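Shown next, in structure tokens, is the structure this report addresses.
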Amino acid sequence: MTSKSLFTNNLEEYRSLMYYNPDGVCKLNLDGKIVDSNPVFEEVSGYSNTELLGMHFKSLMVDPSRWEHEQSRVVNAGNQRIAGFECELKSKTAKCFVVLLSIMPIFTEGRLVGQYVINRDITQQISERTYSVKIQNMLAFSQRMASIGSWELYPDRKTTYWTDELFHIYGMENTGYVPFEKYNELIHPDDRDRYWESFKSLSTGVQKDIEFRIIKPNGEIRTLLSRRQKILTDNGEILMIGATQDVTEQKRTQEFLFKSEKLSTIGQMAAGLAHEIRNPLTSLKGFLKLIPQTTDPQRYLQIMEHEINRIETVTNELLTLAKPQVKKFQPTDIEQKVANVLQVLNTHALMKSVEISVEAERNIPLVECEPSQIDQVCLNLLKNAIEAAPIGGKVIVQMAQTNQEKVILRIIDNGPGISQENISRLGEPFYSTKENGTGLGLMISQKIVLEHHGKLEFHSEVHKGTTVSMVLPCRQPRN
Ligand code: ADP
Ligand code: MG
């Protein structure tokens, strides 16, 4: 090969490297001025090749003083290449773009004659990176504010990811991996079986929220609510995702509200109850006086027993309401519950001459529920109905079995009704239109019914009356 053809070949290769290079390339002389550039650089900088010629490269830098610094790095490196540092350049239209800048020395016959500057445009990656960091920070902040941590689990790969907040909720240090044995120990021993059981049912596709307690490493007991889901990723892999919230404070507030509503109801009931007890007591006293004079005490004794039973039901009812309850679901006769509650409310109704009639279907099945809680719901709903009914008004209680193993209880009054606008407010804490109302009765009732996997519904017509329906399943699904 002649030296001429070698030269032509080299020139062609140089052009290929320059013009087909996917990165922006500038060739500089020893003064740092541009002597050649490629199409990609022209495109990103917005300058034409002719405009670029003779420009000092540093005039393209957002911070030109950096040029000297980078040049001294080149010299210190013994005129080796300086690879990939992030640098902000400004385009002809003064738009800033970020490049990964590499500097390479050009030698001719052993002499340094200039430099190539390679600019890889990374503006897009940088903005995506900044955006994702921003989103991550925002997410971490909102998780902290709401005490919600989230997690991901790939069961096939056995890999798990927890957010910082989840570690925080469990009182553990984020060491980058999830210490499963330690985690299992944190779950309250009484809740452990139920927790893993429900986790297993998640893998078979049953999604359910679970509330459970943990004992943090510092001994503190907290209540957590975990909501999770099984999904298939785009590449067909099983992924379980979930969010876990520390609901300890909410639960405390709720329990406090429950208690205050209960106490207020009991307070309001007390006067009526005194009546309810005094009446049978008066007759008992009378009969006691009569017995010594009669020849047929049996007849009196029967009535007396009946009166004593009445006092017993009423006091028991009040005690169930007042006593803090250990939650225990058991088969319960709703009809009996309603009858007991009506005994307690009897005076309340009498004072307003409200007539209460009960229409129950035959053989209504038992409902599995927490009896004292259902008591509380019946009491709230019936009391509302009596309070809504006009003087001399009517309240009808209907009980029936639906076709899907459910029992429905309807309480119908002929009160003023509730406007469409206010119906949506029912169950809102402290929403009350009564002078001495707490506005907590329906909120609590709704919560209890939901916990029983049941439903509470309101139908109302202004000036006509209101029907409240409570549907309860006969059997409780197992967690
Ligand atoms: P409270 O009885 O203490 O006011 P509740 O939560 O039991 O609180 O009820 C909230 C509100 O809902 C009542 O103040 C009343 O305005 C309305 N409400 C409830 N039941 C009825 C009903 N049967 N008829 C008309 N309004 C009702
Ligand atoms: Mg009420």
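Consider the stretch 60-104. How many of its residues are among the small types (G, A, S), touching a helix residue (DSSP H, G or I) at 6+ places or on another chain (Cβ under 9 Å) and surrounded by 12 or more Cβ atoms within 10 Å (Cβ to Cβ)? Summing the residues that are among the small types (G, A, S), touching a helix residue (DSSP H, G or I) at 6+ places or on another chain (Cβ under 9 Å) and surrounded by 12 or more Cβ atoms within 10 Å (Cβ to Cβ) in the stretch 60-104 gives 1. The set of residues in the stretch 349-359 being more than 26 Å from N279 (Cα to Cα) and either without any contact (Cβ under 8 Å) to a residue 40 or more places away in the chain or surrounded by 15 or more Cβ atoms within 10 Å (Cβ to Cβ) (or both) is empty. Return a yes/no flag: does the stretch 360-382 have any residue that is in contact (Cβ under 8 Å) with a residue 40 or more places away in the chain, surrounded by fewer than 19 Cβ atoms within 10 Å (Cβ to Cβ) and within 7 Å of ligand 1 (Cβ to nearest atom). No, because not a single residue in the stretch 360-382 is in contact (Cβ under 8 Å) with a residue 40 or more places away in the chain, surrounded by fewer than 19 Cβ atoms within 10 Å (Cβ to Cβ) and within 7 Å of ligand 1 (Cβ to nearest atom). In the set R410, R425, R475, which member is away from ligand 1 (no atom under 16 Å from the Cβ) and of a type in the set (D, E, K, R)? Checking each option against the conditions leaves just R475. Exactly one residue among E42, E51, E68 is touching a Leu at 6+ places or on another chain (Cβ under 8 Å), farther than 14 Å from Y116 by Cα and in a helix (DSSP H, G or I), and that residue is E42. Does the stretch 430-438 contain any residue that is over 33 Å from the mean Cα position of the chain (by Cα), within 11 Å of ligand 1 (Cβ to nearest atom) and more than 27 Å from H452 (Cβ to Cβ)? For the stretch 430-438, residues over 33 Å from the mean Cα position of the chain (by Cα), within 11 Å of ligand 1 (Cβ to nearest atom) and more than 27 Å from H452 (Cβ to Cβ): present. In the set I423, I411, only one residue is buried (at least 20 other Cβ atoms within 10 Å of the Cβ) and at pLDDT 90 or above; that residue is I411. Just one of (1) over 21 Å from the mean Cα position of the chain (by Cα); (2) within 16 Å of M240 (Cα to Cα) fails for D209. It is (1). Of all residues in the stretch 334-348, those that are over 13 Å from N316 (Cα atoms) and in the same structural domain as E307 (by TED's automatic domain parsing) have Cβ atoms under 6 Å from Cβ atoms of residues that are at pLDDT 90 or above and part of a helix (DSSP H, G or I), 6 or more apart or on another chain, in V338/C378; L345/L382; H348/I386. Of V133, V117, all but one fail to be of a type outside the set (S, T, Y), under 30 Å from E70 (Cβ atoms) and surrounded by 15 or more Cβ atoms within 10 Å (Cβ to Cβ); the exception is V117.
The values are calculated or read from the model by the stated rules, or taken from the named source; none is laboratory data. The shown structure was predicted, so the numbers you read here are calculated from the model rather than taken from an experiment. Please note: Cβ atoms are built from the backbone with ideal geometry, for glycine as well, and neighbour counts cover all protein chains shown.
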